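One structure is given here, and the rest of the page talks about it.
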Amino acid sequence: MAPSVKKTGKVARRVTDRSSRDLSITPRLISGSIGSPSFGLLQRVEDQRVQLELFISINRLLFSAKDLEMFFNRLAELLRKKLHYPFVHIWLKSLKEENTRVLVNISSQRKESLHKQKLTIGIVGKVIRTGKLVLARDAKKHPDYFSFNKTTKSQLCVPLVNERNECIGALNIESKTMDAFTERDVDILTSLAPSLSHAIEAASLYQKVMYSRKRYKNLIASMDEALWIGDSKNITRYVNPAFEHIFKCRRDKAVGRHFYDFFDEKNKIIARKGTRQMKNVRGGQFEVEMQTSDGENIPVLIGCAPTQEKGMFAFITDVRPIKAAQRKIDSLQKQEWFLATLTKNSMDAIVSLNEDDLVQTWNLGAERMFGYTSEEIVGQSMHIYVPHHLMEKNEPIRILDEAHEKGFIRNYETVRLHKSGRPITVSITCTAIKDSGGKLLGYIAIYRDVTVQKQAERELQERLDRLQEAYQEVGRQRRYIDYIVDLLEISTGVYPVVHVASFIVNALTMFARLDGCTLRVHRPAEKKAELLACTGVGEDWWGKKLGTMPGSIWERAMRLQRPIKISDITQEPGYSSLSLARKYNLRVLMVVPMFVQNEFVGTLSLYLSDENHDRAKEIFDNEFIHIFAKQAALVIKVFIQQEEEQGKQASK
């Protein structure tokens, strides 16, 4: 309940004290006696008019404000202008922490600002906690007064209660004069509070909806898969950026086209059947080929489902990278199968051990030599066929330790036991098998009877070498495929070109074991080579971000359309960054030009230090570097074109 307020003389004093902020009461209305009944009636009519104007203005703000902050700024400014209060504060209860947060604090002396105050402090805190109005004629004498504004002398704080009877905040009015507020102020603000509470909650809900909508749009725009949305007649209504990229069709060209217009006649039949089935079962996938704007057929996987408006949406995945990777995997599996078959059926005794020295594979040659079948020996310790006196000398462990330390041990002559107990003089070749990180996986041991002719000995050794090289080649091929697959995956995403360039130089540095690498793109208009990414060098390398093309090594590589190989850059007159190269101890350089269909895109510069100078031939002859550079050129060109298109669209 509002506190009792004396009416006598208050209105007159308010008019006098607020001469600089007239209460919108016309001279005609106040010409009569202030104490007369007609004046009270006119005052109530005027108050109702002011309240009605405020309600209308608040509703307009609710629909015109673009975000919650703008709504509160304009709302506080509206209350200050319409009601002529010098200080208007709108406080809201924070949902994240146990305090009250002021969103807008507008007065004639202050600019808009953001403050926090604990819920247990001040008149505002009490109003929000209790949900009851407080009128402090002398604010500084009020027991709950908290000095937020040093000039405040009187204060009126009205709770903002929603439809669920929850206090969500407070409307706080302050004045520099004592006893500045009357029952008229209480009536106006308490009448205004419900509409204000509703408007605040509506504005908050609108902001949440707009945030969710923006987040949803960003999610769709960043998808790698193409998204197509159509109406009940399968007419295109929306396609995302991935769809535009994969099918080379701008959104404005795609919208309005029938879904089946993206297929040739043969695949149109498959698409009709697939979408019909998907609509009936409410979701699913089918594989088909879709046609790009230039007539190319692309294998895709389509998952579609009906929309609430009886339309359809389809997620479309380009399966070309997946199929390419699967072909590589199939090829590797065939190689592995070939090697496994070769090992199993070899006439040599070939045994593989895990890191715990247990037998993992036991080929037919081992069965013939030692008499144990594969079923008998696999999973057993290798010590089962080692003589007791050699076990006491710890010979098997010494052989494996040496193989682990050196990578292999060759032609180690010793004695092993046949299943029957018969000793066999053998020559052992043992190789440690490690992964790309150097972790031990196990061993491969080849046992050879030394009574076999020398020719057989050479053949066995050659087979071991081929087997070792094959395992190494399998590992290299797998790593190369991983880098190519990663690059292909990046090419289907939406990244800044500098991020893509950084991946390329880091990948080259890792698989080629470089000491430094830089990537520059050609800027023909400026006749410059712009540095996009570098690794192995410091920030001072960016001091030459724009290099001059004419007369440079980059221009020579572009003109000759082949890599420039320099064994000692200190002796190269055309090299322009000699001081930086010396600073980072770089000596060997190979500049690889990047072309896409005879169009020069840029260069990759590969560096080796003095310490690795002897590896120059390895880098110069590495064919995969040139393959990777071609793929990198294509990816860089695509991302540069995308950024140029985005720049053009932004300028429009």
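The values are calculated or read from the model by the stated rules, or taken from the named source; none is laboratory data. Since the structure is predicted, the reported quantities are computational estimates derived from the model, not experimental observations. In this analysis, Cβ positions are derived from the backbone assuming ideal geometry, glycine residues included, and neighbour counts consider all displayed protein chains. Note: areas computed on protein heavy atoms with side chains; ligands, DNA, RNA excluded. Shrake-Rupley method; radii C 1.70, N 1.55, O 1.52, S 1.80 Å.
Taking all protein chains together and rolling a 1.4 Å probe, Lys93 ends up with roughly 80 Å² accessible. Which pairs, out of Lys419/Lys439; Lys544/Lys648; Lys208/Lys233; Lys273/Lys310; Lys253/Lys630; Lys248/Lys527, put more than 22 Å between their alpha-carbon atoms? Too far apart for the 22 Å limit: Lys419/Lys439; Lys544/Lys648; Lys208/Lys233; Lys253/Lys630; Lys248/Lys527.
So for the chain, taking the charge dipole from beta-carbon charges (+1 Lys/Arg, -1 Asp/Glu), which of Asn363, Asn267, Phe595 sits furthest toward the positive end? The residue sitting farthest along the positive end of the dipole is Asn267. Could you calculate the contour length gain from Asn59 to Glu618, that is, 0.36 nm times the residue separation minus the distance between their Cα atoms, to one decimal place in nm? This chain segment gains 193.8 nm when fully extended. Here r is the Cβ-Cβ distance between Glu166 and Ile235 and R0 is 51 Å; the resulting FRET efficiency, rounded to 0.05, is 0.65. Taking a straight line from the alpha carbon of Lys150, these aspartates and glutamates sit under 15 Å away, with near neighbours fewer than eight places off in the same chain left out: Asp138, Glu174.
In the calculated pair-distance distribution of the stretch 325-385, the portion above 16 angstrom amounts to 50 percent of the Cα-Cα pairs. Here, P(r) means the percent of Cα pairs in each 5 Å bin from 0 to the largest distance; for the stretch 367-444 it is 3, 14, 22, 24, 21, 11, 4, 1, 0. Radius of gyration over Kirkwood radius for the chain, both on Cα atoms: the Rg/Rh ratio is 1.21.
Here the calculated FRET efficiency for Ser436 and Asp138, from their Cβ-Cβ distance with R0 = 51 Å, stands at 0.05, rounded to the nearest 0.05.
Neighbours of Tyr471, meaning other residues whose beta-carbon lies under 14 angstrom from its beta-carbon, give a summed charge of +1 when Lys and Arg score +1 and Asp and Glu score -1. Note that the chain presents 55 Å² accessible area per residue, ligands and nucleic acids not counted, probe 1.4 Å.
Expressed as a whole percent, the proportion of Cα-Cα pairs in the stretch 262-411 lying more than 25 Å apart is 58%. Positive end of the dipole of the stretch 324-472 (Cβ unit charges, origin at the Cα centre): among Ser427, Tyr447, Thr343, the Cα lying farthest that way belongs to Thr343. Screening the chain for whole DSSP H helices of 30 Å or more along their axis (Cα) with average Kyte-Doolittle hydropathy at least -0.5 returns 37-64, 183-221, 623-651. Counting only protein heavy atoms and using a 1.4 Å probe, the accessible area of Cys534 comes to about 30 Å².
For the chain, what is the charge dipole size about the Cα centre, in debye to the nearest 20, if Lys and Arg each add +1 at the Cβ and Asp and Glu each add -1 at the Cβ?
With Lys and Arg at +1 and Asp and Glu at -1, about 4160 debye.
Assuming charge only on the beta carbon of Lys and Arg (+1) and of Asp and Glu (-1), the dipole of the stretch 594-652 about its Cα centre is about 380 debye to the nearest 20.
Extension gain for Thr341-Asp540 works out to 66.1 nm (0.36 nm per residue, less the C-alpha to C-alpha distance). Of all beta bridges that DSSP places with both ends in the chain, some 100 percent have antiparallel geometry. Given their separation in residues at 0.36 nm each and the Cα-Cα distance between them, Ser191 and Ile481 gain 97.2 nm when the chain is fully extended. Think of the stretch 111-245 as a dipole: +1 on every Lys or Arg Cβ, -1 on every Asp or Glu Cβ, centred on the Cα centre; then among Ala139, Leu192, Ala242, Ala139 lies furthest on the positive end. The residues neighbouring Asn585, those whose beta-carbon lies less than 14 Å from its own, together hold a net charge of -1 under the Lys/Arg +1, Asp/Glu -1 convention. From the cross-link list Lys81/Lys118; Lys214/Lys545; Lys118/Lys153; Lys545/Lys637; Lys217/Lys545, which pairs have alpha carbons spaced over 25 Å apart? Over 25 Å Cα-Cα: Lys81/Lys118; Lys214/Lys545; Lys217/Lys545. For the stretch 135-193, GluC sites (Glu not before Pro) meeting the loop criterion (DSSP other than H, G, I, E, B) and having at most 12 other Cβ atoms within 10 Å: Glu163, Glu166. Mind checking the stretch 585-631 for GluC sites (Glu not before Pro) that DSSP puts in a loop (not H, G, I, E or B) and that have at most 12 other Cβ atoms within 10 Å? Answer by residue number: Glu611.
For Thr120 and Met210, the FRET efficiency from 1/(1 + (r/R0)^6), where r spans their Cβ atoms and R0 equals 41 Å, is about 0.75. Here Lys406 is the anchor, and the aspartates and glutamates within straight C-alpha reach of less than 20 Å, apart from those fewer than 8 places off in the same chain, are Glu355, Asp356, Asp357, Glu395, Asp435, Glu462, Asp465, Glu469, Glu473. Normalised size of the stretch 172-291, defined as Cα radius of gyration per 2.2 N^0.38 Å with N residues, equals 1.99. Summarised as an ellipsoid, the stretch 504-652 has semi-axes of 26, 17, 15 Å, derived from the eigenvalues of the Cα gyration tensor scaled by 5 and square-rooted, with the largest first.
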